[in-house]
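Structure, as structure tokens:
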Amino acid sequence: MKTILITGAAGDVGTHLRRELAGRYLLKVSDLRSLKKINREEKFVRADISKMSDALRIAKGVDAIVHLGGYSVEGPWEGVLNANIIGCYNVFEAARRNGVKRILFPTSNHATGFYRRDQTIDHRVYPRPDSRYGVSKVFGEALGSLYADKYGMEVFCMRIGNVNPVPIDKRRLSILFTPRDLAQLVTIGIEHPDIRFEIVYGVSKNKRSWYDNANAYRLGYKPQDDSEKWAEEILVREKPGGDPRAELHQGGAFCVAEEIPNPAPLPKKKKKGRASA
Ligand code: 15L
């Protein structure tokens with residue numbers, strides 16, 4: 001059975017993924033925070049990926065890395081820099097030095113959030129980040145491309161929408177990514193024999209999607225879920241108005257906000273500039 005390192009395992013996406021992958025892989029799970037519950041086939045290692053020594057330690061002896069660790073929304077530059085620029089570099093470099101060839105990098109819909117909602121975009125569009133956070137995801141994609149071309153690593157970038165069992169608002173109807181579809185795409189990223197450098201969209205088969213996800217389908221992705229069955233209920237609930245720039249663009253509030261509340265804040269005393277791993 002393959003051993004997979006999941007960084008940022010205590011976060012929302014990490015928690016869904018660990019549950020979905022349980023029993024299919026040996027999971028080495030890391031984070032700066034403690035995990036609420038550790039399953040039998042999991043091994044927890046606490047780490048701060050903004051430190052190279054920690055990144056080198058956790059990347060040892062694994063077959064692939066799913067690098068979820070980092071700042072997951074728009075926020076102060078110092079936090080984004082430490083977690084998503086320095087931390088991301090450390091994880092790629094630690095993988096290379098440890099001979100781990102395959103990295104799955106969950107980038108984000110916010111790498112392309114300044115495309116308009118009336119546009120359909122595919123994996124070949126030029127990035128249009130909507131935030132410092134979005135810029136950090138473009139950095140991760142570029143780093144992945146470098147490590148694939150220069151060092152022969154196998155890099156699978158998933159521009160993730162919103163991981164949730166159900167959509168939470170109108171924007172998320174277009175980018176819902178259910179946990180079981182997430183698990184399917186991650187499994188392709190781990191198992192597909194021909195990955196060199198790929199960008200795919202991490203979304204379910206949503207009727208209202210803004211993406212042409214042909215590259216994911218080419219690799220065998222067959223999403224099971226479509227947000228449309230919740231559309232009526234969501235649209236009735238949605239209050240009209242809001243910032244017109246947010247409404248116009250795919251990134252929504254990320255296009256206008258300086259800070260989005262962090263869904264997984266770090267323990268208070270460690271918050272400044274630390275990276276969850
Ligand atoms: C993301 O990239 C974030 O990590 C997540 O917390 C959500 O905000 C998501 O995008 C979204 O756009 O809903």
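Where a number appears in this text, it was derived from the coordinates with a stated rule and is not lab data. All figures in this text were calculated on a predicted structure; none of them were measured in a lab. Neighbour counts are summed over all protein chains in view; Cβ atoms, including those assigned to glycine, are modelled from backbone coordinates with ideal geometry.
What does the charge dipole of the stretch 1-80 about its Cα centre add up to, to the nearest 20 debye, if the Cβ of each Lys and Arg holds +1 and the Cβ of each Asp and Glu holds -1? Don't skip to the answer; put the middle values down first.
Numbers: 14 positive and 10 negative charges, 96 e Å.
Roughly 460 debye, rounded to the nearest 20.
Stokes-Einstein diffusion for the chain at 10 °C, viscosity 1.306 mPa s, with a Kirkwood radius from C-alpha pairs, works out to 85 µm²/s.
Across Lys150, Lys51, Lys207, mean-square fluctuation computed from a Gaussian network of the chain (C-alpha pairs under 10 Å connected) peaks at Lys150.
Against the compact-protein benchmark of 2.2 N^0.38 Å, the Cα-based radius of gyration of the stretch 123-277 scales to 1.13.
Expressed as a whole number of Å, what is the distance separating the alpha-carbon centroids of the stretch 68-115 and the stretch 136-192? If we compute the Cα centre of each part, the gap is 12 Å.
Taking the C-alpha atoms only, the angle from helix 12-21 to the longest principal axis of the chain is near 70 degrees.
For the chain, the 222 nm mean residue ellipticity estimated from helices alone, with every DSSP H stretch of n ≥ 4 adding -39500 (n - 2.57) and the total spread over all residues, rounds to -9000 deg cm²/dmol. Between Ala22, Ala95, Ala64, the Gaussian network model of the chain with springs among Cα atoms under 10 angstrom shows the greatest mean-square fluctuation at Ala22.
Taking every C-alpha pair closer than 8 Å and separated by at least 6 residues, the mean separation divided by the residue count of the stretch 54-159 gives a relative contact order of 33 percent.
Over the stretch 96-193, all Cα pairs binned in 10 Å intervals from 0 give whole-percent P(r) values of 15, 41, 35, 9, 1, listed from short to long. Exposure proxy for Tyr201, Tyr25: other Cβ atoms within 10 Å of each Cβ, ordered fewest to most, give Tyr25, Tyr201.
Among Thr107, Thr120, Thr187, Thr112, the order by Cβ neighbours within 10 angstrom, fewest to most, reads Thr120, Thr187, Thr107, Thr112.
Against the longest alpha carbon principal axis of the chain, how many degrees, from 0 to 90 and to the nearest 10, is the axis of helix 87-97 turned? For helix 87-97, the angle is close to 40 degrees. In the chain, what % of DSSP beta bridges are antiparallel (nearest 5)? That works out to approximately 5 percent antiparallel. Phi-derived couplings, Karplus 6.51 cos²θ - 1.76 cosθ + 1.60 at θ = phi - 60°, listed residue by residue for the stretch 41-48: 8, 10, 10, 8, 10, 6, 7, 10 Hz, with x used for Gly and Pro.
Taking the 0 to 90 degree range and rounding to the nearest ten, how far is the long axis of helix 179-191 tilted relative to the main principal axis of the chain, both from C-alpha atoms? Between helix and principal axis, roughly 40 degrees. Look at the dipole of the chain built from charges on Cβ: of Ile58, Tyr133, Gln184, the Cα furthest out on the positive end belongs to Ile58. Both the radius of gyration and Dmax for the stretch 91-138 are 13.9, 44 Å, in that order, over alpha-carbon atoms. Under a GNM of the chain (C-alpha, springs under 10 Å), which listed residue has the highest mean-square fluctuation: Ile58, Ile175, Ile260? The residue with the greatest mean-square fluctuation here is Ile260. Legend: ranking of residues Arg96, Arg102, Arg40, Arg180 from fewest to most surrounding C-beta atoms inside 10 Å; resulting order Arg40, Arg180, Arg96, Arg102. Sites counted here are GluC sites (Glu not before Pro) in a DSSP loop (not H, G, I, E or B) having no more than 15 other Cβ atoms within 10 Å; the longest part of the chain that contains none of them is 42-237.
Contact order for the stretch 136-261, expressed relative to its length and based on alpha carbon pairs under 8 Å spaced 6+ residues apart, stands at 24 percent.
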